[in-house]
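Take a look at the structure set out below.
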Amino acid sequence: MAEHDRAAEVVVVGLGVVGAATLWRLAARGVDVVGVEQFTVGHPWGSSHGSTRMFRTTCLEHPGLVPLARLSRRLWRELESEAGRPLLAETGGLLIGPPGCHLVAGTLEAARVHDVAVEVLDAPAIARRFPEHGGVPDDHIAVLDSTAGVLRAEDAVRAAAGAAGRAGAEVRTGAAVTGIELVDGGVVVTTGTGTIRARQAVVTAGPWLPRLVPELPLTVVRTPMTWFRPAGGSGRFGVEQFPIFLRDLGGAGIVYGHGTRDGGLVKFALEYDDDAAVFRETSAADCDRRIAEQDWKRIEAIARWAAPGLVIEPAETTVCMYTLTPDRQFLVGRPHGDPRLVLGGGDSGHAFKHAPGLGEVLADTVLGRPPAVALDFADPGRFDPGVPRRA
Ligand SMILES: Cc1cc2nc3c(=O)[nH]c(=O)nc-3n(C[C@H](O)[C@H](O)[C@H](O)COP(=O)(O)OP(=O)(O)OC[C@H]3O[C@@H](n4cnc5c(N)ncnc54)[C@H](O)[C@@H]3O)c2cc1C
């Protein structure tokens with residue numbers, strides 16, 4: 001037996017935000033669990049880096065995600081007290097666009113179904129209260145969700161892995177999983193530093209999931225993130241004055257971001273769309289993480305009129321990845337009902353806020369308990385050949 005060979009009840013493969021949260025929720029329930037990460041915890045090569053993520057409870061992606069966001073908010077607070085530092089600042093958030101667009105209509109629908117209090121602002125009210133949003137057409141509106149806020153990204157991943165370790169999990173970094181073999185009564189997970197035998201594996205490998213579980217219908221896309229400097233100091237661009245936002249520009253794309261938390265840079269970035277010059281299909285192994293001129297070209301042109309108080313020149317950027325499912329909902333559950341394997345992936349660009357809730361649901365799945373939140377629409381079985389797809 002090699003030095004790092006061991007047996008455990010559960011092994012979690014991949015410690016981005018979803019895997020780290022799953023490890024924490026399993027360890028918190030006393031499960032003998034090992035988490036395996038190929039790089040370090042909080043590294044900048046996957047989907048969970050870039051200093052911040054937006055938190056919203058009015059989940060326009062699916063009304064069924066609202067209970068998951070509420071559970072996650074409670075668990076983010078629990079993680080903050082466990083870690084002894086703040087992770088989520090609730091600053092409120094704006095969803096801006098034409099009244100019928102998915103951003104606005106989806107948010108209002110989620111708020112209606114789950115009774116989340118939101119405020120609707122017309123264009124003059126947006127201009128009065130949030131003047132740094134330039135060029136808002138007269139017929140666009142904003143939904144103000146007071147429960148929205150900003151999460152500290154890498155710090156949240158580290159906090160979850162740290163909490164897992166303190167609850168008894170082994171956190172193994174610098175260990176790439178090269179194979180997950182399904183055997184009688186469990187799994188054998190092979191890494192460069194040893195073999196782990198477990199009854200179950202939870203695979204939370206983000207954009208590397210297609211390599212580990214190849215038959216899944218996943219598409220990985222390269223998604224750059226961009227920051228700008230506020231002109232004339234940060235006063236008008238503090239996160240309270242320029243809270244998190246998603247803005248449908250009415251045909252010119254969707255932008256998102258938030259004001260500065262520390263007097264530094266303002267996040268102002270393009271949301272994924274079919275612009276293949278920026279959002280190129282890739283694989284995690286081949287993703288081009290260098291920044292090219294075309295990564296700035298479109299966002300600079302938009303910032304000139306949509307946030308004219310910014311200095312229109314590159315300040316900072318990083319490249320992340322989305323792992324898209326065909327219906328843009330997550331993959332959470334057992335593929336083919338296999339009792340040895342659980343998947344937590346297909347993030348489709350909106351999973352960070354939900355990570356602790358997903359960790360809780362994945363832990364429930366491992367333990368065979370009813371899920372804390374029903375996520376039937378995320379069942380991997382919806383993509384099984386011959387099984388009709390559910391929306
Ligand atoms: C630009 C951008 C903006 C976003 N904005 C938001 C937002 O505002 N709000 C929001 O809620 N969500 C947002 N998201 C989505 C969110 O960030 C992701 O859904 C989330 O980070 C996915 O986490 P993950 O743990 O699934 O993947 P990852 O963070 O990629 O983690 C997977 C981990 O598995 C490890 N791994 C993979 N293969 C192996 C292996 N063979 N052996 C060992 N380890 C392995 C990887 O190294 C990695 O650490 C955004 C995403 C991007 C890219």
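Looking only at residues in the range 338-355 that are under 26 Å from V187 (Cα atoms) and either in contact with a helix residue (DSSP H, G or I) (Cβ under 9 Å, 6 or more places away or on another chain) or of a type in the set (F, W, Y) (or both), the one that is nearest to the ligand (Cβ to nearest atom) is D347. Give the range 33-74 a look and list any residue that's part of a loop (DSSP other than H, G, I, E, B) and among the polar types (S, T, N, Q), or say none. Within the range 33-74, Q38, T40, S47, S48, S51, T57, T58 qualify.
Within the option set V189, V171, being surrounded by 23 or more Cβ atoms within 10 Å (Cβ to Cβ) and within 16 Å of the ligand (Cβ to nearest atom) holds for one residue only, V189.
Residues that are part of a strand (DSSP E or B), touching a helix residue (DSSP H, G or I) at 6+ places or on another chain (Cβ under 9 Å) and of a type in the set (V, I, T): does the range 102-117 have at least one? Among the residues of the range 102-117, not one is part of a strand (DSSP E or B), touching a helix residue (DSSP H, G or I) at 6+ places or on another chain (Cβ under 9 Å) and of a type in the set (V, I, T), which makes the answer no.
Inspect all residues belonging to the range 295-306 and state whether any of them is crowded, with 16+ Cβ neighbours inside 10 Å, among the acidic types (D, E) and either in contact (Cβ under 8 Å) with a residue 24 or more places away in the chain or touching a Ser or Thr at 6+ places or on another chain (Cβ under 9 Å) (or both). Checked against the condition, which is being crowded, with 16+ Cβ neighbours inside 10 Å, among the acidic types (D, E) and either in contact (Cβ under 8 Å) with a residue 24 or more places away in the chain or touching a Ser or Thr at 6+ places or on another chain (Cβ under 9 Å) (or both), the range 295-306 yields at least one hit. Within the range 213-240, the set of residues being farther than 30 Å from F130 by Cβ, crowded, with 16+ Cβ neighbours inside 10 Å and modelled with pLDDT under 95 comprises V213, L216. Scanning the range 7-36 for residues that are more than 22 Å from E78 (Cα to Cα) and within 16 Å of the ligand (Cβ to nearest atom) yields a count of 6. The condition of being loosely packed, with under 15 Cβ neighbours inside 10 Å and modelled with pLDDT of 95 or more holds for only one of G346, G386, G368, G333, that being G368.
Close contacts from the range 25-43, counting a first residue that is outside the structural domain of R199 (by TED's automatic domain parsing) and a second that is at pLDDT below 95 and surrounded by 19 or more Cβ atoms within 10 Å (Cβ to Cβ), with Cβ to Cβ under 9 Å and a gap of 6+ residues or different chains, come to none at all.
Report, by residue number, each residue of the range 1-30 that is part of a loop (DSSP other than H, G, I, E, B) and surrounded by fewer than 21 Cβ atoms within 10 Å (Cβ to Cβ). Of everything in the range 1-30, those that are part of a loop (DSSP other than H, G, I, E, B) and surrounded by fewer than 21 Cβ atoms within 10 Å (Cβ to Cβ) turn out to be M1, A2, E3, H4, D5, R29, G30. When F39 is tested against (1) within 12 Å of the ligand (Cβ to nearest atom); (2) closer than 17 Å to D347 by Cβ, just one condition goes unmet, and that condition is (2). Kindly evaluate G179 against the criterion of being assigned to a helix (DSSP H, G or I) and either without any contact (Cβ under 8 Å) to a residue 40 or more places away in the chain or surrounded by 15 or more Cβ atoms within 10 Å (Cβ to Cβ) (or both). When the stated conditions are applied, G179 does not pass them. The set of residues in the range 309-365 being free of Cβ contacts under 8 Å to residues at least 60 places away in the same chain and within 14 Å of G16 (Cβ to Cβ) consists of F330 alone. Scan the range 197-212 and give yes if some residue there is touching a Leu at 6+ places or on another chain (Cβ under 8 Å) and of a type in the set (S, T, Y), otherwise no. The answer is yes, given that some residue of the range 197-212 is touching a Leu at 6+ places or on another chain (Cβ under 8 Å) and of a type in the set (S, T, Y). With respect to A110, determine if the residue is buried (at least 22 other Cβ atoms within 10 Å of the Cβ), within 13 Å of the ligand (Cβ to nearest atom) and closer than 20 Å to L375 by Cβ. Judged against the criteria, A110 is not a match. No other residue among E281, E240 is in contact (Cβ under 8 Å) with a residue 60 or more places away in the chain and under 21 Å from the mean Cα position of the chain (by Cα) apart from E281.
The values are calculated or read from the model by the stated rules, or taken from the named source; none is laboratory data. The shown structure was predicted, so the numbers you read here are calculated from the model rather than taken from an experiment. Methodologically, a virtual Cβ is constructed for each residue, glycine included, from the backbone with ideal geometry; neighbour enumeration extends over all protein chains shown.
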